[in-house]
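For reference, the structure is listed below as structure tokens.
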Amino acid sequence: MSFTLDVDAARWRAHLAAFHDKTPGLVPVIKGNGYGLTNDTLATEAARLGVSQIAVGTYAEAPAALASFPGDVLVMSPWRPFLTDVVYDARLVHTLGRVADFADLRKVAPAGTRVNAEALTSMARHGLNRHAFAAAAAELDGLVLDGLAIHLPMAGANFAEAENLAAALQASRLETMTIYVSHLTDSELALLRAKRPELDIRPRIGTALWLGDRGALSVSASILDRHQVSRGERIGYRQRPMPRDGTLVIVSGGTAHGIGLEAPSAASGVRQRATSLAKGGLDAAGLALSPFVIGGKQRWFAEPPHMQASMLFLPRSVTPPEIGDMITAGVRFTTTHFDAITLA
Ligand SMILES: *Cc1c(COP(=O)(O)O)cnc(C)c1O
């Protein structure tokens, strides 16, 4: 059973180094499933790049990050008094987004505990309203302020918002010149630096760094079995009739690997479905498109993916792969877990 990721290490590392060179102040984001590559692998690569700080999503991810990375670890989700897994460490930077949390953190954290103040942006997720910056500054008392964090949406007028918040920071009593920003483009970052050269701007980036050169990453799945089927023959857990004559192909990779969690891609609208029906499309027969590629095309699931394997339907016109062959799959890395990852 094998659903694997092979990383062309030289090519991937060349991309990481180039990205690091063009992104001053880079704070690599390492969270979740490690963008498919695992958090430990990413922390090792971040150390190799020589960055001073990495960012994790949650406190649950902090102990492993502190163990595998020698520098600072920023926890991006906000500290709350009710969290039960908070980690305190001289290398750890907390994020605070409510005035009351400053005083509550001081009660439980060692003196000198480092924090970012997070500003509320148009994301409307977490953070202080800019009018509360002064109240937050008054509550610091023994906490060390590392910077102001701003998390922007993926769409919208991000530059103007970042600039307004930078101005609000400089007018406030928050004594820091460091801004951690999420989701500004290269040109927006350059513009912000040019307009406010006194600020130390630190972009927090995951996807564009780790997954920015897809050509360095190859996904492989083994063909485990195959069977000829006739139109109307029933197969699988659900005993669905096959729409045509063809080949059933059993491939490694199922729901446990994140297969089937892709955004739905089969024809959806009534009219689209009708058009497809008229053309005899397999989506009209109730099949869903899989991420597995055979003969240069994504193929249809014969039934919903199983836990560790998937059943694909190939029409008779397509030469089926041999048992033991490897095929590729167009996966979404942030929801994929591989059986093995090789870096070579
Ligand atoms: C996940 C996350 C990032 C990184 O996002 P990418 O789109 O992967 O670069 C940055 N900032 C915050 C607050 C995040 O939660």
Which of the aspartates and glutamates could be linked to Lys195 by a straight reach, that is with a Cα gap under 19 Å, when you skip same-chain ones fewer than 8 residues away? Glu161, Glu163, Asp186
If a/c stays under 1.5 just call it rounded; otherwise compare a/b with b/c (prolate if a/b is bigger, oblate if not). Do that for the chain, with a ≥ b ≥ c from the square roots of the Cα gyration tensor eigenvalues. prolate
If we count every other residue with Cβ under 14 angstrom of Ala90's Cβ, Lys/Arg +1 and Asp/Glu -1, where does the sum land? -1
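Helix-derived [θ] at 222 nm for the chain: sum -39500 (n - 2.57) over DSSP H runs of at least 4, divide by residue count, nearest 500?
On the way: 9 runs with 85 residues, N = 344.
Here the helix-only value at 222 nm equals -7000 deg cm²/dmol.
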List the trypsin sites (Lys or Arg not before Pro) within region 102-201 that fall in a DSSP loop (any state other than H, G, I, E or B) and whose Cβ has at most 14 other Cβ atoms within 10 Å. Arg125, Arg173
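With a probe of 1.4 Å, find how much accessible area region 1-123 has per residue, and write the answer as a whole number in Å². Kindly include the intermediate steps, with their values, before the conclusion.
Working: 4810 Å² over 123 residues.
It amounts to 39 Å² per residue over region 1-123.
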Nearby aspartates and glutamates by direct alpha-carbon distance to Lys31 (threshold 12 angstrom, same-chain neighbours under 8 apart not counted): Asp40, Glu61
How would you rank 154-161, 289-296, highest first, on the average number of other Cβ atoms within 10 Å across their residues? 289-296, 154-161
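The values are calculated or read from the model by the stated rules, or taken from the named source; none is laboratory data. Everything numeric here is computed off the predicted structure, so don't read it as measured data. Here Cβ is always computed from backbone atoms with ideal geometry, including for glycine, and neighbour counts include all displayed protein chains. Accessible surface is based on the protein model in full, side chains and every heavy atom, while ligands, DNA and RNA are left aside. Shrake-Rupley method; radii C 1.70, N 1.55, O 1.52, S 1.80 Å.
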